[in-house]
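Since the structure comes first, as structure tokens, the remarks are kept for the end.
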Amino acid sequence: MTPARPTPPKLGPRPIRGGEVRLRAASPDDLEVFFEIQREPAGRWMLGFGAPDPNHREDFLRKWTGHLANEEIQLWAVLERPDGGAEERVVGNAMTFYRSSEEPLEVGYSLTQTAWGRGIASQVVALMLEETSERPLAARCIHDNVASIRVLEKNGFVETARATAFGHARGAEVEEIFFRLYSKR
Ligand SMILES: CC(C)(COP(=O)(O)OP(=O)(O)OC[C@H]1O[C@@H](n2cnc3c(N)ncnc32)[C@H](O)[C@@H]1OP(=O)(O)O)[C@@H](O)C(=O)NCCC(=O)NCCS
């Protein structure tokens, strides 16, 4: 019998500039919000990769429903409670996954544009590092995604390699930076 996918605990809130952020295990109810986030042109550009057609709702829901069912993928909703606000809102997603059997567990994250620039992604990565004891961990981002590079480096990731691949969001070959995190902090 395959073991049940472990559900991560709901991590307590962490202060960000202007509010609080926490992760909770994602559910099917989050997928519509995640779909809208991945369609945002500025975020898609920063990501560089992503789906060939970001407006294809059925493809997105099929793929991400598969993520939720996949025991090797942990998918979280990123929740923000703005300063003084009672209502939490979903502002992004975060996941750990295996890109292939030869590569270490990888982290990924995306936020809606209105949540950028307040330290949320830095907290999200820190929370994910608490959630998994596996090391090394991997991460990737496109060479000009300076915000994401900074988020990774602040959390202890170091660049290990670069390679080019076709990025649908750019319609061109793009340079990707590969990162590793070796230490538990
Ligand atoms: C990349 C992303 C996750 C960053 O989220 P965020 O919450 O704005 O990030 P943070 O505020 O935690 O940290 C960003 C850091 O980059 C810095 N930064 C942002 N833009 C910068 C720029 N143009 N030049 C230099 N530094 C920049 C910020 O100052 C901050 O560093 P600091 O805390 O030392 O001041 C968010 O923009 C996003 O979701 N983008 C679309 C999807 C994506 O790119 N995902 C990552 C794929 S690898």
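The values are calculated or read from the model by the stated rules, or taken from the named source; none is laboratory data. Note that the structure is a prediction, hence the values are computed from the model and not measured. Counting neighbours? That spans all protein chains shown, and the Cβs are built from the backbone with ideal geometry, glycine included.
Structure summary
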| quantity | calculated |
| --- | --- |
| Among (1) away from the ligand (no atom under 13 Å from the Cβ); (2) under 16 Å from the mean Cα position of the chain (by Cα) - the single one Arg62 does not satisfy | (2) |
| Region 35-48 residues that are over 21 Å from His67 (Cα atoms), paired with ones that are surrounded by 15 or more Cβ atoms within 10 Å (Cβ to Cβ) and aliphatic (A, V, I, L, M) (beta carbon under 6 Å, 6 or more apart) | Trp45/Ala169 |
| Test: Arg17 is near the ligand (Cβ under 9 Å from one of its atoms) and out of contact with any strand residue (DSSP E or B) (no Cβ under 7 Å at 6 or more places or on another chain) | yes |
| Options Arg44, Arg39, Arg5, Arg24; residue that is at pLDDT 95 or above and over 20 Å from Ser148 (Cα atoms) | Arg24 |
| Ala126 within 12 Å of the ligand (Cβ to nearest atom) and among the aliphatic types (A, V, I, L, M) | yes |
| Filter result (in a helix (DSSP H, G or I) and more than 16 Å from Leu111 (Cβ to Cβ)) within region 33-63 | Arg57, Glu58, Asp59, Phe60, Leu61, Arg62, Lys63 |
| Tally of residues being under 15 Å from the mean Cα position of the chain (by Cα) and within 8 Å of the ligand (Cβ to nearest atom) across region 140-165 | 10 |
| Residue list for region 106-123, restricted to those being surrounded by fewer than 17 Cβ atoms within 10 Å (Cβ to Cβ) and either more than 14 Å from the ligand (Cβ to nearest atom) or of a type in the set (Val, Ile, Thr) (or both) | Thr114 |
| Filtered residues of region 157-185 (kept if over 26 Å from Leu129 (Cα atoms), out of contact with any Asp or Glu (no Cβ under 7 Å at 6 or more places or on another chain) and in contact (Cβ under 8 Å) with a residue 12 or more places away in the chain) | Gly167, His168, Ala169, Arg170, Val174 |
| Number of the condition not met by Ala77 [criteria: (1) part of a helix (DSSP H, G or I); (2) under 16 Å from the mean Cα position of the chain (by Cα)] | (1) |
